[in-house]
Amino acid sequence: MLYPPHDFKCPYRSACPHLEWMSAKWALEAYQRADYVYDEHLKIVDNLYNDLQAKRDLIRTLEKENAELKAKLKLLHQRQFKSNKKQDNSGVKREESIPPASQEKKKRGAPMEHPGWVRPKPERIDRTIHVPAPTVCPFCQKNNLKPIEGTYEHIQEDIVIQPATVATQYLHDQAFCSRCNRPVVQPGEEEILNAPIGPVTSVYQRVDGEPLKIIQIQKGRI
């Protein structure tokens, strides 16, 4: 390769006809910059490939651990539901005797076709509470309800500390909910809507642990 003398100056340095009259100096600088950018891009691609490979290895490790945990969980689940078979001294499995249906645990509640028991209405009314019509629908929460004519009567029995029953008559003013298309009421003080007994009786029944009909017989009319 022949090199020009050290004091040679190309007359086409600023506008070379072989480069479509572009500056030869500018073209060389652009080429050097492009080579540098290309090297940087290669480094970025190598780093991304290494990260991707590391994540693939991590995924394979996690999939293996997940499969092992599923197998252990399945084995543990099977141990909780062992079959009704035992091995005798000879190593042969034998089935356990199944108890007859008459010895099975009795189900809770009344038997089938047992007549239901409905609490009769109290013979006296000890107090009457007036409950204003609701302004908000308790079902759909619609606001600004307008009262309507007529009252809804709800009688509820509850106990006092003596204990003695107190029958309260709630006379509800009603409001009409256009969204529900029905009259609605709101609960009064110490009232459980549509319940024949009050909150104190309900709690007493749960604490005493006896059906309400038995409590009625033992302690008078409760």
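Readers should treat all values here as calculations from the given coordinates under stated rules, not as data from a laboratory. What you see is a predicted model; the values in this text were computed from it and never measured. Every residue, glycine among them, receives a Cβ derived from its backbone with ideal geometry; neighbour counts consider all protein chains shown.
Relative to 2.2 N^0.38 Å, what does the C-alpha radius of gyration of the range 4-82 come to as a ratio? Two decimals please. Intermediate values should be presented prior to the final figure.
Numbers: Rg = 31.1 Å, N = 79, 2.2 N^0.38 = 11.6 Å.
That ratio works out to 2.68.
A simple rule links phi to the HN-Hα coupling: the Karplus curve 6.51 cos²θ - 1.76 cosθ + 1.60 with θ = phi - 60°, which for the range 51-65 gives 4, 4, 5, 5, 5, 5, 5, 5, 4, 4, 5, 5, 5, 5, 5 Hz, with x for Gly and Pro. A simple count of charges around Leu19, restricted to other residues whose Cβ falls under 12 Å of its Cβ and scoring Lys, Arg +1 and Asp, Glu -1, yields +1.
Where in the range 25-61 does the amide nitrogen come within less than 17 Å of the point 7 Å from the Cα of Glu68, taken along Cα to Cβ? Only 57-61 fall inside the zone, counting backbone N under 17 Å.
When peptides 51-57, 25-31 are ranked by their average number of other Cβ atoms within 10 Å per residue, the highest-first order is 25-31, 51-57.
A simple spin-label model places the labels of Arg124 and Ile148 3.6 nm from each other, with each point 7 Å out along Cα-to-Cβ. Under 16 Å from a label point set 7 Å out along the Cα-to-Cβ vector of Glu29, the amide N atoms of the range 1-15 belong to 13-15.
If r is the Cβ-Cβ distance from Arg56 to Tyr36 and R0 is 22 Å, what FRET efficiency results, to the nearest 0.05?
Values: r = 31 Å, r/R0 = 1.41.
Step by step, r from the Cβ atoms, then E = 0.10.
Taking the highest mean first, how do the peptides 68-77, 196-205, 14-23, 131-140 order by number of other beta carbon atoms within 10 angstrom per residue?
Numbers: 68-77: 9.7, 196-205: 16.9, 14-23: 11.6, 131-140: 15.3.
Packing proxy ranking, top to bottom: 196-205, 131-140, 14-23, 68-77.
A straight line joining the Cα centroids of the range 125-173 and the range 25-73 runs 72 Å.
Rounded to the nearest Hz, the phi-derived 3J(HN,Hα) couplings of the range 34-45 under the Karplus curve 6.51 cos²θ - 1.76 cosθ + 1.60 (θ = phi - 60°) are 5, 5, 5, 5, 4, 4, 5, 5, 5, 5, 5, 5, where x marks glycine and proline. Counted by neighbouring Cβ atoms within 10 Å, the residues His172, His130 run from fewest to most as His130, His172.
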